[in-house]
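The values are calculated or read from the model by the stated rules, or taken from the named source; none is laboratory data. Small disclaimer: the values here were computed from a predicted structure and weren't measured. Cβ: placed from backbone, ideal geometry, glycine included. Neighbour counts: every protein chain shown.
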């Protein structure tokens, strides 16, 4: 169980204007600016929960992860993870957590992956039998059989990420922090990684905290999201709730032939293209493509289509929901972060 | 200790991946030190003596210091390259592992290529012994061992200070090289040739003389007290302020994360 209460963290950042003279000045008189990285942060995460921790760059995501993993000490506030304060009890705490930094490797570059694993076994003092069982499980689930004897530098990114994840789970942590685990992976590897994380959570009730910019990760893995911006928690709730808030919008993609559309209340033109000369038909209008956002609170989809088809000759039509990416963009806009 | 051995083995395995590179670097290290040897040789070939020290005595002095330095650089290299460990985020990785931070930094890098320089130091040392008329006895052999250990610990301490500075700033650490490379170059000759002021600094601030000048006097029986032979052990205490400074650095890192 992770309990975070009223955590604050301020960073001091040196500031100067561009230019050589300015650089020279700072030699003698440094100007500091204080940036509130975390502002009264509180949340509770239960055992076995999977939480997506999202927010734009610089919102305070990695600061939070660093505090939770005992690397940073906050200015004020308390944090209890399984009864321990991470920054006071670092060694005991980190035995229980696994951390995957998606952009950095924890494997030794020049030696086969298995050698790295064995070193980790000694670092975490994993008993021989426990290590053997865990390794077997991870090899099967992540399909590492063929790559485990290859030096890390010769692995592809997807293979390496699978090994990274295995490496952080060898000591059977109760909590797993995943910092952008699917960054730069191809579709197949992404899905493999996601499935594995789901499986791990099911089997061992591992608590997973996931920071990512890939909203498909969030959609596939987590039920709960915490949205952070400018150091504050803006939204803490289920993914469904968040989507529902914006579910009142549908998007209509339209290929049509005819005059410009007249839109009624509840319909907004999002994009318009194809007013070209080619494709001209006898009536003298070009083939056009429009994207229209529909507010379903104001107008029914069927009604909207009816109105549109009365005006023009519709060649093709498709309806989509607002994607989760767009939902997030809207959220960011709403909170002005 | 067992874990350190593990680190040792994994570094050995890494090295074996690049045999040619290893051999060439080691050879390079050997040749660089050989240059220094030639420098000392020609200098003393011309002047014969420096402040009462002959060529072979200078050689003895330099080779012992170089051995200590090389040991430190081989095993404490992790501190020497610590600024990159911080800036590329590997230090965060070290922090999320349930082991002593210092041990992990030590284990993060072991520089086997320094074997070349070690070889050079040993060659010089043997040559120095052969040429100088030192009456070897048990106490003197012990003294040499003390000097090497003391030197290695002293330089390790300086590397640790250097690393601890990285917690506060990433730039402008070049001045530390005065102490590191400077000391190695200084160490070619017995420190007293540089004058009294340098001798004092190198005794009371950064205790180089305790591992070099004074025990050397004992070895060469030049106006030396018997207790000079234990001075290198005193120099080992230098590691304590270094360690404390390191602790302060980690605390600072934990509060700023930079």
With the checklist (1) under 17 Å from residue B:89 (Cβ atoms); (2) in a strand (DSSP E or B); (3) more than 8 Å from every other protein chain (Cβ to nearest Cβ) in hand, flag the one item residue A:51 doesn't pass.
(1)
Looking at (1) touching a residue at least 60 places away in the same chain (Cβ under 8 Å); (2) assigned to a loop (DSSP other than H, G, I, E, B), find the lone condition where residue A:18 falls short.
(1)
Test: residue in segment A:87-95 that is facing chain B (nearest Cβ under 9 Å), out of contact with any helix residue (DSSP H, G or I) (no Cβ under 8 Å at 6 or more places or on another chain) and under 14 Å from residue A:2 (Cα atoms)
yes
Could you check how many residues of segment B:87-101 are touching a residue at least 24 places away in the same chain (Cβ under 8 Å) and surrounded by 18 or more Cβ atoms within 10 Å (Cβ to Cβ)?
1
Can you name the strands (runs of 3 or more DSSP E) wholly within segment A:212-259 that have at least 2 residues being closer than 14 Å to residue A:53 by Cα?
A:224-229, A:232-238
Give me the helices (runs of 4 or more DSSP H) completely within segment B:1-101, filtered to those with at least 2 residues that are farther than 27 Å from residue B:149 by Cα and within 14 Å of chain A (Cβ to nearest Cβ), ordered by residue number.
B:2-17, B:19-47, B:82-87, B:90-95
Any residue at all in segment A:55-73 that's closer than 23 Å to residue A:196 by Cα, modelled with pLDDT of 90 or more, buried (at least 16 other Cβ atoms within 10 Å of the Cβ) and in contact with a strand residue (DSSP E or B) (Cβ under 8 Å, 6 or more places away or on another chain)?
yes
Test of understanding: among A:56, A:74, which residue is more than 21 Å from residue A:5 (Cα to Cα) and either more than 13 Å from every other protein chain (Cβ to nearest Cβ) or under 24 Å from the mean Cα position of the chain (by Cα) (or both)?
A:56
Of the residues in segment A:141-158 that are crowded, with 20+ Cβ neighbours inside 10 Å and in a helix (DSSP H, G or I), the one that is nearest to the other protein chains (Cβ to nearest Cβ) is A:152
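Conditions (1) under 30 Å from residue B:88 (Cβ atoms); (2) assigned to a helix (DSSP H, G or I), marked per residue:
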residue: B:165; (1), (2): yes, yes
residue: B:177; (1), (2): yes, yes
residue: B:180; (1), (2): yes, yes
residue: B:188; (1), (2): no, no
residue: B:198; (1), (2): no, yes
residue: B:210; (1), (2): no, yes
residue: B:223; (1), (2): no, no
residue: B:232; (1), (2): no, yes
residue: B:243; (1), (2): yes, yes
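From the list A:315, A:288, A:298, which one is in contact with a strand residue (DSSP E or B) (Cβ under 8 Å, 6 or more places away or on another chain), surrounded by fewer than 14 Cβ atoms within 10 Å (Cβ to Cβ) and farther than 12 Å from residue A:252 by Cα? Walk me through how you get there before you give the answer.
Working: A:288 fails: surrounded by fewer than 14 Cβ atoms within 10 Å (Cβ to Cβ); A:298 fails: in contact with a strand residue (DSSP E or B) (Cβ under 8 Å, 6 or more places away or on another chain).
Residue meeting the stated conditions: A:315.
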Residue A:103: within 14 Å of chain B (Cβ to nearest Cβ) and surrounded by fewer than 19 Cβ atoms within 10 Å (Cβ to Cβ), yes or no?
yes
Out of curiosity, is residue B:157 in contact with a helix residue (DSSP H, G or I) (Cβ under 7 Å, 6 or more places away or on another chain) and more than 28 Å from residue A:69 (Cβ to Cβ)?
yes
Spot the failing condition for residue A:138; the list is (1) away from chain B (no Cβ under 11 Å); (2) buried (at least 20 other Cβ atoms within 10 Å of the Cβ); (3) within 22 Å of the chain's Cα centre (by Cα), and only one is missed.
(3)
